[in-house]
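Encoded as C-alpha cells, the structure appears first; notes follow it.
The values are calculated or read from the model by the stated rules, or taken from the named source; none is laboratory data. Since we're looking at a predicted model, the values are computed, not measured. Cβ: placed from backbone, ideal geometry, glycine included. Neighbour counts: every protein chain shown. To get the accessible areas, we keep the full protein, side chains included, count just its heavy atoms, and leave off ligands, DNA and RNA. Shrake-Rupley method; radii C 1.70, N 1.55, O 1.52, S 1.80 Å.
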Amino acid sequence: MTSSAELRDIAVTIAKRAATLAQQRRRDGVEIAASKSSVSDIVTRADRESEDLIRGALAAARPADGFFGEESGGDAGTSGLTWVVDPIDGTVNYAYGIPAYAVSIAVVEGEPDPTTWRTLAGAVVNPESGDVFAAAAGRGSTLNGQALRVNEGVELPLALVGTGFGYDAGVRRRQAEFVARLIGEVRDIRRIGSAALDLCALAAGRLDAYYERGLNPWDHAAGALVAREAGARVGGLDGGPEDGRLLLAAAPALYEVLEPMVQEFFGAWE
C-alpha cells in the first residue's frame, strides 16, 4: 500500500510541473477561454492546459485512481482513491498578473465529497513566490520543507482573518454583510483571492483564521489538509465537516470564539 508520504511526494512533483507551465503561460500572455457561473468567473487556456498535464501525469503514475478536476470533471477509479485538482486556484489574480495563485492537488479516500472523504495528502504550489506547501495525513505539513504550525493563543481582537467572495453579485453583498459585522471585532480582514493559499497562509502563521462560503471541493481539498496538519481546526456548519455552505479554519481556541459568530450568520443563509 502506498503511504501518505509517498502520495504527498507525487502531488508535489506534479504540482511543481503544472506550476511551471502556468507561470510560463502567464508570461506568454493570458488568453480567456470561457466564463462559467458569471462573467467574472473565468477560465483561461492555461487552466485547461495545466489540468491536462496533471491528469496525464497522474494517470501515468497512478492509473487505478480516480480524478476530480475543476475544468474536466471526474472519472472514477478502482483503487478507492481520487485526486482532487484545481489547476489554477485564483484565476482572476492570474489573469490580472497578481502573484497570488496556485496549483492545488490533493488525494482523498472515498467519494470526492468533502463531507465524507478522508484527505490523505496534498500540495499547493505558488509559481510566483516559489512557495511549495505540502501535507500528508498524520505526518504534518511543510512550506519548502520546513514544518508549519498555526499561530496559537491569538485573541479575537488581534486576529488577522482571511476570507473570500463569490462570483455572483448578490452573494457578495450578503458576504459583505458579515464582513461589516466582523471587521470591528478583529485586527483586520484580508481577501487574497485564492482559498488554497488562504488555508496555507493560516498554516504558515500569515493569517490567524479563515472562513468562506461557496467553495468547491477542489478549492480547499489540499489547503484544508495543510492547515489541519499544522494544528488548525477546520469545519463547517453545525459542527460538521467543511463543504460549500461554510469552511471555517483557525487554531482550536480561536475557532471556538469565531464559530458562534460564523454559525449564526451562515447558518441562517439557507
Going through region 145-174 one residue at a time, which ones are charged (D, E, K, R) and either over 29 Å from G130 (Cβ atoms) or over 22 Å from the mean Cα position of the chain (by Cα) (or both)? E155, D168, R172, R173, R174
Can you name every residue in region 176-194 that is open to solvent by 10 Å² or more (accessible area, probe 1.4 Å) and closer than 30 Å to V107 by Cα? R190, R191, I192, G193
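Out of L225, L207, L215, report the one residue that is assigned to a helix (DSSP H, G or I) and either in contact with a strand residue (DSSP E or B) (Cβ under 8 Å, 6 or more places away or on another chain) or not acidic (D, E) (or both). Lay out the reasoning, then the answer.
Details: L207 fails: assigned to a helix (DSSP H, G or I); L215 fails: assigned to a helix (DSSP H, G or I).
Of the residues listed, the single one that is assigned to a helix (DSSP H, G or I) and either in contact with a strand residue (DSSP E or B) (Cβ under 8 Å, 6 or more places away or on another chain) or not acidic (D, E) (or both) is L225.
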Spans of strands (runs of 3 or more DSSP E) in region 56-163 with at least 2 residues surrounded by 19 or more Cβ atoms within 10 Å (Cβ to Cβ), modelled with pLDDT of 95 or more and among the β-branched types (V, I, T): 81-89, 102-109, 118-125
Return the residue satisfying two criteria in turn: it lies in region 164-175 and is part of a loop (DSSP other than H, G, I, E, B) and open to solvent by less than 50 Å² (accessible area, probe 1.4 Å), and of such residues it is modelled with the lowest pLDDT. G166
Can you run down the residue pairs with Cβ atoms below 7 Å, 6 or more apart or on separate chains, where the first is in region 167-188 and among the aromatic types (F, W, Y) and the partner is open to solvent by less than 50 Å² (accessible area, probe 1.4 Å) and outside any loop (DSSP other than H, G, I, E, B)? F178/F265
